[in-house]
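Note sheet for the following structure.
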Amino acid sequence: MKKGVMRPGHVQIRVLDMGDAVKHYTDLLGLIETDRDDQGRVYLKAWSEVDKFSVVLREADEPGCDFMGFKVVDEAALNQLEKDLVDYGVEVEQVPAEELKDCGRRVRFTVPSGHAFELYADKKYTGKWGVSSVNPEAWPRGLQGMKAVRFDHALFYGPELAAVYDIFVNVLGFYLAEQVLDPEGTRVAQFLTVSMKEHDVAFIHHEEKGKFHHASFFLDTWEAVLRAADLISMTDTSIDIGPTRHGLTHGQTIYFFDPSGNRNEVFCGGDYHYPDHKPITWKAEDLGKAIFYHDRVLNERFLTVLT
Amino acid sequence: MAEFQVFNRTTGDHFICQEGQSVLKAMEQLGMKCVPVGCRGGGCGFCKIRVLEGDFECGKMSKVHAPPDAVEKGEVLACRIYPLTDLTIECVPLPEAALAKQTTTKPLR
């Protein structure tokens, strides 16, 4: 957080059918609908998040991710980061306050992998859902499905990872927590953090720009991941792989798809990161184990099925 | 409930698809692999096929992978089509880049 970027704040996901998508993200994932806007977008949050929304769904004829937003500590930091981006040669776009309801102004930019990101300082503070901020109970009653705890990170596929690294690390103050290097020493995957989490955003090399691999939501325990797997079967939801463990980050995970083909992850555990930690390296030759620690073999879908 | 025969001309496979069931789901339930399986949600384009004969209904598909002019020619995603009659289909080759990824051990490059 050395430059004031605090955490992932939101992700806007394109869906083919809003009704199906809302049912998936609320009934199955357990997010809570908090608002809708006149563009037809639906705003959702996970129960432990303090701001009004973290997931925005937009109906479109092509699924994928419109942008991911990071919250920064205050307006002064936002101003400085905006200046730093411009000085670095990154083109920034001003998105006015209230373009997303109850969210302050956003500074949007597209990195060379083709993905759009945003920084913002203000969003309506609604507090954790269903629990008080005074003498709070352990968890709220009435949660649905997987009872997702928070929107945690996203993984994007695209080219120009070195240029993306420069912006996130040198301009925005992220740290490289883990990487995959090929035999020539080229970084083909980078897991970046701005917190103690093992990643807040990640990129894997892919020739086509701007592809969305998954949005990930945190669960408390391995038991909760198994229960998520049960729910995926009960609802006949399209599964990708899991439950299993990653080598990278060592998180325990399951992957599945929303009704428009966007991949979701729920996971628990995972390593931690402090600024004095050196990056962990996985060899591309051992990518199977790096991604799926138990099978030690990649399923082809993980690398090629994207929105 | 009506059921329909699906014949994959590319692979020579036949399978039964129930009324209201997608072609891809019917194939997967029978343990067959004659069409590539991706997201199963009309989003990724992995299960693209060409319908040569027969009628079907279409669910929502990404316009990138199933643009209207291709759908007119019967190029659709198997996860999002529901037969109304027996169908004859063929596989549509994946783009070269995707095929390379399927067969190489260095898929991240």
Once both label points are put 7 Å beyond Cα along the C-beta direction, the B:Lys33-A:Glu99 separation in nm becomes 4.6 nm
To the nearest 0.05, the calculated FRET efficiency linking A:Lys2 and A:Val297 through their beta-carbon distance, R0 being 35 Å, is 0.35
Computed over chain B, the relative contact order (Cα-Cα under 8 Å, seq sep at least six) in percent reads 31 percent
In whole angstrom, the spacing between the Cα centers of segment B:40-73 and segment A:238-286 equals 31 Å
When all Cα-Cα pair distances of the protein assembly as shown are considered, the percent exceeding 41 Å is 15 percent
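Work out, step by step, the length gained on full extension between A:Thr221 and A:Thr281: first 0.36 nm times the residue separation, then minus their alpha carbon distance; give nm to one decimal.
Answer, rounded to one decimal: 19.0 nm.
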Log entry: pair-distance distribution for segment A:125-203, C-alpha pairs binned every 10 Å from zero, whole % per bin is 15, 35, 22, 19, 8, 1
Computed over segment A:254-294, protein heavy atoms only, probe 1.4 angstrom, the accessible area per residue in square angstrom equals 43 Å²
Once all protein chains are kept in place, B:Met32 shows an accessible area at probe 1.4 Å, nearest 10 Å², of 40 Å²
Per principal axis, largest first, the Cα atoms of segment A:9-83 extend in Å by 41, 29, 21
For the pair B and A, the solvent-accessible area buried on both sides (1.4 Å probe; DNA, RNA and ligands excluded), in Å² to the nearest hundred, is 2200 Å²
When all Cα-Cα pair distances of segment A:220-307 are considered, the percent exceeding 17 Å is 53 percent
In debye to the nearest 20, the charge dipole size for the protein assembly as shown, taken about the Cα centre with +1 at each Lys and Arg Cβ and -1 at each Asp and Glu Cβ, equals 720 debye
Given all pairs of distinct Cα atoms, segment A:162-254 yields a Kirkwood Rh in Å of 15.2 Å
FRET efficiency (A:Asp84, A:His250; Cβ distance; R0 25 Å; to 0.05) is 0.15
Chain B: spread of alpha-carbon positions along the three principal axes, whole Å, largest first, is 47, 30, 21
In Å, the C-alpha Rg and Dmax of segment A:90-237 are 18.4, 55
Averaged over all viewing directions, the convex hull of the alpha carbons in segment B:51-97 casts a projected area in nm² of 3.4 nm²
If N is the residue count of segment A:1-155, its Cα Rg over 2.2 N^0.38 Å rounds to 1.07
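The values are calculated or read from the model by the stated rules, or taken from the named source; none is laboratory data. Computed from a predicted structure; not experimentally measured. Positions of Cβ are generated from backbone atoms using ideal geometry, with glycine treated the same way; all protein chains shown enter the neighbour counts. When the accessible area is computed, the model is the full protein with side chains, heavy atoms only, and any ligands, DNA or RNA have been set aside. Shrake-Rupley method; radii C 1.70, N 1.55, O 1.52, S 1.80 Å.
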